[in-house]
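S.K.: Below you will find the structure I want to go over with you.
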Amino acid sequence: MSAEADFRALAARKILVFDGGYGTAIQKYGLSEADYRGELPLDLDQKGNNDLLCLTRPDVISAIHMAYLEAGADMIETNTFSSTRIAMADYGCEHLVREINLAAAKLARDACDAASAKDGQRRFVAGSIGPTNKTLSLSPQVNDPGFREVDFDTLKATYREQCDALIEGGVDFLLVETCFDTLNAKAAGMAAREAEAAAGRDVPLMLSFTITDMSGRNLSGHTIMAFWYTLRHLKPLTIGANCAFGADRLRPYLAELAKDTDALILAYPNAGLPNELGQYDELPERTAELIRQWVDDGLVNMVGGCCGTTPAHIAAIARAVAGLPPRRVPELAAKTRLAGLEPFVMAA
């Protein structure tokens, strides 16, 4: 069976478990700049360039993958959140984009295959595609609202390079995550579909919205339903939300999404909100308790963690949702669904 067929079959029987944060896990290793740089001849300081570790400290990334799999994750993501030319320009590593993505996909694939070989259960790899540090919808210059640092075609080409390498490296799915700008997400989604076609094999798309304030909108001003209506033509395998909030504050937006979405829902919140030092204090049991409430209310099909979450959080989540029924995907009436900043459904 294909990865998508296997995934759907599992999702019909159980709540699937996603992995947790990578930045948090990497920080615990206390790596030096030399660890990040390795033997690469690079001009800029590389400390904090987490994706580069796929090349220079693959042992660290492999260990994190295995820790999440041992905690009960059915799916792990590649360590490639910033592995585009645009994001890597901050570190002068644009020329390493293809190499990083290939290496990251292989590390995740090998970890999943090793875990599956132990117990016969299939694990899945999602290629992580972050939003970049540029936005198509907003100007960075307050005196020139029409100015953009990047255009749609350039951003799509940047995403396409990443998608091609992730697919070549062996990912099962492409996850466009932390979508703070809906137009950026559309560029990434189109690049993913083009890369899938070029590769000649099915690589389903996953999309994850991120809320930037208590209004429930992302940075480009869209509600979660407007985001869904804008991108549903891409026919993603999953839609959902990650980052920004803890599980308690994310719940009402998932409830809205769950009742009018004919795709599987994946949600992975932060471990609460950061404290004054930027650290996350929410304990694994509390995160798991809050996510259990989502499951009890039939809101999700797959759950995991984002910033501040650790293998201990994922293990607690896996225990909390074990044996519970997944959300039933509704059959929606055929209607015209449109969106500006708000969703609009045309009456029959």
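We did not get these values from a lab; they are worked out from the coordinates using the rules stated. Just so it is clear, the model here is predicted, and its values are computed rather than measured. Using ideal geometry, Cβ is built from the backbone for each residue, glycine included, and neighbour counts are taken over all protein chains shown.
S.K.: Of (1) over 20 Å from the mean Cα position of the chain (by Cα); (2) closer than 20 Å to R98 by Cα; (3) surrounded by fewer than 19 Cβ atoms within 10 Å (Cβ to Cβ), L55 satisfies all except one. Which?
M.R.: With (1) over 20 Å from the mean Cα position of the chain (by Cα); (2) closer than 20 Å to R98 by Cα; (3) surrounded by fewer than 19 Cβ atoms within 10 Å (Cβ to Cβ) applied to L55, the lone miss is (3).
S.K.: Does segment 172-182 include one or more residues that are surrounded by fewer than 21 Cβ atoms within 10 Å (Cβ to Cβ) and touching a residue at least 24 places away in the same chain (Cβ under 8 Å)?
M.R.: The answer is no, given that none of the residues of segment 172-182 is surrounded by fewer than 21 Cβ atoms within 10 Å (Cβ to Cβ) and touching a residue at least 24 places away in the same chain (Cβ under 8 Å).
S.K.: Still on this structure: Can you tell me which residue is surrounded by the fewest Cβ atoms within 10 Å (Cβ to Cβ) among those in segment 214-230 that are under 18 Å from A258 (Cβ atoms) and of a type in the set (G, A, S)?
M.R.: G216
S.K.: Report whether or not Y68 is outside any helix (DSSP H, G or I), touching a helix residue (DSSP H, G or I) at 6+ places or on another chain (Cβ under 9 Å) and aromatic (F, W, Y).
M.R.: No: the conditions fail for Y68.
S.K.: Which is in contact with a helix residue (DSSP H, G or I) (Cβ under 9 Å, 6 or more places away or on another chain) and part of a helix (DSSP H, G or I), of L31, L53, L40, L44?
M.R.: Answer to the selection: L53.
S.K.: Within segment 96-117, can one find any residue that is among the hydroxyl-bearing types (S, T, Y), surrounded by 20 or more Cβ atoms within 10 Å (Cβ to Cβ) and in a helix (DSSP H, G or I)?
M.R.: no
S.K.: For segment 71-91, give me the residue count where each residue is free of Cβ contacts under 8 Å to residues at least 60 places away in the same chain, in a helix (DSSP H, G or I) and not small (G, A, S).
M.R.: 3
S.K.: Now for a different question. For segment 141-196, what are the residues that are over 17 Å from S82 (Cβ atoms) and of a type in the set (K, R)?
M.R.: R148, K156, K186, R193
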